[in-house]
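Trainee: Below are the structure tokens for one structure; questions will follow.
Readers should treat all values here as calculations from the given coordinates under stated rules, not as data from a laboratory. None of these values were measured; they are calculated from a predicted model. Counting neighbours? That spans all protein chains shown, and the Cβs are built from the backbone with ideal geometry, glycine included.
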Amino acid sequence: MANLRPDLAIIARNVAQGARVLDVGCGNGDLMAALRDTRGCDARGMEIDAANVAACVARGLSVIQGDADTDLADYPDAAFDYAILSQTLQTAMRPAVVLDQLLRIGRKAFVSFPNFAHWRVRVSLLVHGRMPVTRLLPVAWYETPNIHHVTIDDFRALIAERGIRVEQAWFLNNGAPTGDTLANLRAEHAVFLLSRAS
């Protein structure tokens, strides 16, 4: 798991051994391979990009081409122990609907996303007056796949409105853990483990 992106490493460490997992927006399959090889998980994936689907299949991973905005509805209720959405929420057309679908098909859901309220983003916008291009947001606003600029506080408000419970949360700055205090200002990325409130 040492080669995983920091948010994916957190997810991989916290998925139960032998769990049934759906990785939505699985990219090239790094997380799925780690879950299969180190946690004995039955890991499945959905990915919109055909080249990434082919890369996953070449690694022996079970992946279908699909879009989180439309194709999650095809999965039955409670089909997985975990549904995972890493660095994809901000690209979804209807993030709230995608969250509802994740928690319908999975008993729990991991969601990770970049925090657009991080202090460096704020300073760049304040000083330059333009949408920032940073190490974590490396393309101009008109080329980015990000259509919803979510912050940690925005996400917390959304899940509270939808009756979703936070089981655990992790915050990262420069790839390293940072505390919950002032996370909306200090953290570059967030990872949430969610479930439906009883």
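Trainee: Before anything else, pin down the relative contact order of the chain: Cα pairs under 8 Å, at least 6 apart, normalised by residue count, whole percent. Working shown, then result.
Mentor: Numbers: 371 pairs, mean separation 37.7, N = 198.
Worked out over the chain, it gives 19 percent.
Trainee: If you stretched the chain out fully between GLN17 and TRP119, how much longer would it get, using 0.36 nm times the residue separation minus the C-alpha to C-alpha distance? Intermediate results must be reported in sequence, preceding the final value.
Mentor: Values: separation 102, 0.36 × 102 = 36.72 nm, distance 3.67 nm.
Length gained between GLN17 and TRP119: 33.0 nm.
Trainee: Any idea how far apart MET131 and VAL97 come out in nm if each label point goes 7 Å out from Cα toward Cβ?
Mentor: Placing both labels 7 Å beyond Cα along the Cβ direction yields 2.2 nm.
Trainee: What does the charge add up to near SER112, with Lys and Arg as +1, Asp and Glu as -1, over the other residues with Cβ less than 15 Å from its Cβ? Please list the in-between numbers first.
Mentor: Details: positive: ARG5, ARG13, LYS108, ARG156; negative: ASP7, ASP23, ASP30, ASP154, GLU167, GLU188.
Taking every other residue near SER112 into account, the sum is -2.
Trainee: In degrees between 0 and 90, to the nearest 10, how far off the longest principal axis of the chain does helix 30-39 point, with axes built from Cα atoms?
Mentor: 50 degrees
Trainee: Which FRET efficiency, nearest 0.05, do THR70 and VAL139 yield, Cβ-Cβ r, R0 35 Å? Please report the intermediate quantities before stating the final value.
Mentor: On the way: r = 25 Å, r/R0 = 0.71.
According to the calculation, E is roughly 0.90.
Trainee: To the nearest 20 Debye, how big is the dipole of the chain about its Cα centre, given +1 on the beta carbon of each Lys and Arg and -1 on that of each Asp and Glu? Kindly include the intermediate steps, with their values, before the conclusion.
Mentor: Working: 20 positive and 21 negative charges, 104 e Å.
Dipole about the Cα centre, nearest 20: 500 debye.
Trainee: Okay, next question. Above 22 Å lies some portion of the pair distances; for the stretch 38-123, what is it as a whole percent of all C-alpha pairs?
Mentor: Details: 1175 of 3655 pairs.
Of the Cα pairs, 32 percent sit more than 22 Å apart.
Trainee: Loop only by DSSP, 15 or fewer other Cβ within 10 Å of the Cβ. Give me the trypsin sites (Lys or Arg not before Pro) in the stretch 1-84 that pass, ordered by residue number.
Mentor: For trypsin sites (Lys or Arg not before Pro) across the stretch 1-84 that sit outside H, G, I, E and B with at most 15 neighbouring Cβ atoms in 10 Å, the list reads ARG59.
Trainee: Run through every distinct alpha carbon pair of the stretch 6-196 and return the Kirkwood hydrodynamic radius in angstroms, one decimal place.
Mentor: Values: mean 1/r = 0.0589 Å⁻¹.
Mean inverse Cα-Cα distance, inverted, gives 17.0 Å.
Trainee: Just grab the label-to-label distance for ARG162 and THR178, each label 7 Å out from Cα along the Cβ direction, in nm (one decimal).
Mentor: The answer from the label model is 2.5 nm.
Trainee: I'd like the per residue volume of the convex hull spanned by the Cα atoms of the stretch 1-47, given in cubic angstrom. Spell out each step's value before the answer.
Mentor: Values: hull volume 2.8 nm³, N = 47.
That works out to 60 Å³ per residue.
Trainee: Another question, then. Determine the percent antiparallel among the DSSP beta bridges restricted to the chain, to the nearest 5.
Mentor: Numbers: 18 of 37 bridges.
Roughly 50 percent of the beta bridges in the chain run antiparallel, per DSSP.
Trainee: Given the alpha-carbon gyration tensor of the stretch 108-198, what are the semi-axes of its equivalent ellipsoid in whole angstrom, ordered largest first, with each equal to the square root of 5 times an eigenvalue? Could the numbers behind the result be given before it?
Mentor: Working: eigenvalues 126, 41, 26 Å².
Gyration-tensor ellipsoid for the stretch 108-198: 25, 14, 11 Å.
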